[in-house]
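Student: Below is the structure I would like to discuss, written out as structure tokens.
The values are calculated or read from the model by the stated rules, or taken from the named source; none is laboratory data. Predicted, not measured: the structure shown is a model, and the values here were computed from it. Neighbour counts are summed over all protein chains in view; Cβ atoms, including those assigned to glycine, are modelled from backbone coordinates with ideal geometry.
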Amino acid sequence: MALLGSTVALPANAQAKKVTVGTSATSAARAAGAAGAAASVPSGNALYAERFRNVCAACHGADGRSDMAGTPVLAGQYSLYTITQLFLFREGRRTNEAMVALAKPMTDTDLRGFSDFIGTLAPMPAPPPAAPPDAARMSKGQALAQQNKCVFCHGTALEGGQGVPRIGGQKEEYVRATLRGFKSGERPGYTRAMTEALSQVPVDDLDALAYYVANFTGK
């Protein structure tokens with residue numbers, strides 16, 4: 001994917017020139033002014049942290065977790081996974097209307113900037129449930145996760161890594177919709193790994209997996 005690695009041409013070193021004291025003072029003043037102007041413009045993560053607050057936080061929350069139904073938790077996600085999803089939205093391969101509209105005008109630099117910032121958001125645990133998770137459902141979900149090799153890619157702690165998302169503690173309704181989307185083919189992936197992994201999993205088992213993943217605390 002071209003946006004994952006790009007090069008920037010750098011100018012050759014300019015030859016130093018002798019200048020008079022007056023010219024040096026003028027140049028120094030101009031340089032100081034330019035430095036001051038540059039300092040007033042956010043750079044790197046600071047720029048995309050500001051853009052995240054202005055554009056993304058209304059739905060996803062300032063810390064990457066919100067109470068908005070159907071909106072995934074971004075806290076704890078990885079830069080490589082995030083940039084892949086933004087790329088799919090930008091290219092129209094994922095079909096969430098709001099996200100496609102936001103991602104469509106993004107440059108490769110924007111994809112990298114947003115994903116790098118999101119990659120700095122620390123994992124945020126879900127709010128304590130009103131009642132403890134159902135032990136029987138958790139046991140069934142754990143068995144399904146092992147049986148269907150979910151832990152092979154996502155890890156026994158469901159923390160993922162690099163291009164594999166963190167799923168432990170993700171919202172149950174979002175996980176359920178995602179699993180059903182992969183199962184039906186409506187949700188495309190950058191690879192066919194999830195579609196193939198779920199091809200033999202009965203639809204009824206997807207709800208048990210979603211329940212287990214959402215309520216998983218790593219304990």
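Student: Being in a helix (DSSP H, G or I), at negative phi and free of Cβ contacts under 8 Å to residues at least 24 places away in the same chain narrows it down to one of Ala143, Ala98, Ala62, Ala130, so name that one.
Tutor: Details: Ala98 fails: free of Cβ contacts under 8 Å to residues at least 24 places away in the same chain; Ala62 fails: in a helix (DSSP H, G or I); Ala130 fails: in a helix (DSSP H, G or I).
None of the others qualify; the one that does is Ala143.
Student: Still on this structure, I have one more. How about segment 151-210: which of its residues are hydroxyl-bearing (Ser, Thr, Tyr) and touching a helix residue (DSSP H, G or I) at 6+ places or on another chain (Cβ under 6 Å)? Break it down stepwise before answering.
Tutor: Within segment 151-210, the first condition is being hydroxyl-bearing (Ser, Thr, Tyr), and the residues that meet it are 156, 174, 178, 184, 190-191, 195, 199.
Listed by number, the residues that qualify are Tyr190, Thr195.
Student: Same structure again: Select from segment 185-219 the residues that are among the β-branched types (Val, Ile, Thr), over 27 Å from Ala135 (Cα atoms) and in a helix (DSSP H, G or I) and list them in ascending order. It would help to see each step written out before you state the result.
Tutor: If we filter segment 185-219 for residues that are among the β-branched types (Val, Ile, Thr), which is where we start, we get 191, 195, 201, 203, 213, 217.
Subset that is over 27 Å from Ala135 (Cα atoms): 191, 195.
Passing the criteria: only Thr195.
Student: Six or more apart or on different chains, Cβ under 7 Å: which pairs go from a residue in segment 173-184 that's farther than 16 Å from Gly141 by Cα to one that's assigned to a helix (DSSP H, G or I) and among the hydroxyl-bearing types (Ser, Thr, Tyr)? Could you list them?
Tutor: Phe182/Thr195
Student: Check off (1) loosely packed, with under 12 Cβ neighbours inside 10 Å; (2) more than 26 Å from Thr95 (Cα to Cα); (3) in contact (Cβ under 8 Å) with a residue 40 or more places away in the chain for Gln162 and give me the number that stays unchecked.
Tutor: Only one criterion in (1) loosely packed, with under 12 Cβ neighbours inside 10 Å; (2) more than 26 Å from Thr95 (Cα to Cα); (3) in contact (Cβ under 8 Å) with a residue 40 or more places away in the chain is unmet by Gln162, namely (2).
Student: Hey, could you check segment 151-184 for residues that are among the hydrophobic types (A, V, I, L, M, F, W, C) and in a loop (DSSP other than H, G, I, E, B) and say which is nearest to Asp204 (Cα to Cα)?
Tutor: Quick first cut of segment 151-184, residues among the hydrophobic types (A, V, I, L, M, F, W, C) only: 151-153, 157-158, 164, 167, 175, 177, 179, 182.
Those still in the list that are in a loop (DSSP other than H, G, I, E, B) too: 157-158, 167.
Details: Ala157: 23, Leu158: 21, Ile167: 19 Å.
Per the stated criteria, the residue is Ile167.
Student: Residue check: is Thr178 surrounded by 18 or more Cβ atoms within 10 Å (Cβ to Cβ), within 20 Å of Phe87 (Cα to Cα) and outside the structural domain of Phe89 (by TED's automatic domain parsing)? It would help to see each step written out before you state the result.
Tutor: Values: surrounded by 18 or more Cβ atoms within 10 Å (Cβ to Cβ): yes; within 20 Å of Phe87 (Cα to Cα): yes; outside the structural domain of Phe89 (by TED's automatic domain parsing): yes.
Considered against the rule, which asks whether it is surrounded by 18 or more Cβ atoms within 10 Å (Cβ to Cβ), within 20 Å of Phe87 (Cα to Cα) and outside the structural domain of Phe89 (by TED's automatic domain parsing), Thr178 comes out as yes.
Student: Going by what's in this entry, would Ala62 be described as modelled with pLDDT of 95 or more, among the aliphatic types (A, V, I, L, M) and more than 25 Å from Phe216 (Cβ to Cβ)? Spell out how you get there, then give the answer.
Tutor: Numbers: modelled with pLDDT of 95 or more: yes; among the aliphatic types (A, V, I, L, M): yes; more than 25 Å from Phe216 (Cβ to Cβ): no.
Judged against the criteria, Ala62 is not a match.
Student: How many of the residues making up segment 111-127 are more than 16 Å from Ala57 (Cα to Cα) and either in a helix (DSSP H, G or I) or in the same structural domain as Ala62 (by TED's automatic domain parsing) (or both)?
Tutor: Looking only at segment 111-127, we keep the residues that are more than 16 Å from Ala57 (Cα to Cα), and these are 111-112, 125-127.
Add one more test, that the residue is either in a helix (DSSP H, G or I) or in the same structural domain as Ala62 (by TED's automatic domain parsing) (or both), and what stays is 111-112.
Number of matching residues: 2.
Student: Further question: Among the residues in segment 125-147, are any within 17 Å of Tyr78 (Cα to Cα) and surrounded by fewer than 14 Cβ atoms within 10 Å (Cβ to Cβ)? Steps first, answer last, please.
Tutor: Taking segment 125-147 as the starting set, the residues that turn out to be within 17 Å of Tyr78 (Cα to Cα) are 125.
When the remaining residues are screened for being surrounded by fewer than 14 Cβ atoms within 10 Å (Cβ to Cβ), the result is 125.
Within segment 125-147, one or more residues are within 17 Å of Tyr78 (Cα to Cα) and surrounded by fewer than 14 Cβ atoms within 10 Å (Cβ to Cβ).
Student: Go through segment 69-95 and give me each residue that's touching a residue at least 12 places away in the same chain (Cβ under 8 Å) and in a helix (DSSP H, G or I).
Tutor: Ser79, Leu80, Tyr81, Thr82, Ile83, Thr84, Leu86, Phe87, Leu88, Phe89, Arg90
Student: Which count do you get for residues in segment 53-99 that are charged (D, E, K, R) and either loosely packed, with under 15 Cβ neighbours inside 10 Å or not assigned by TED's automatic domain parsing to the domain that holds Arg112 (or both)?
Tutor: Quick first cut of segment 53-99, residues charged (D, E, K, R) only: 53, 63, 65, 67, 90-91, 93-94, 97.
This time we only want the ones that are either loosely packed, with under 15 Cβ neighbours inside 10 Å or not assigned by TED's automatic domain parsing to the domain that holds Arg112 (or both), so: 53, 63, 67, 91, 93, 97.
So the answer is 6.
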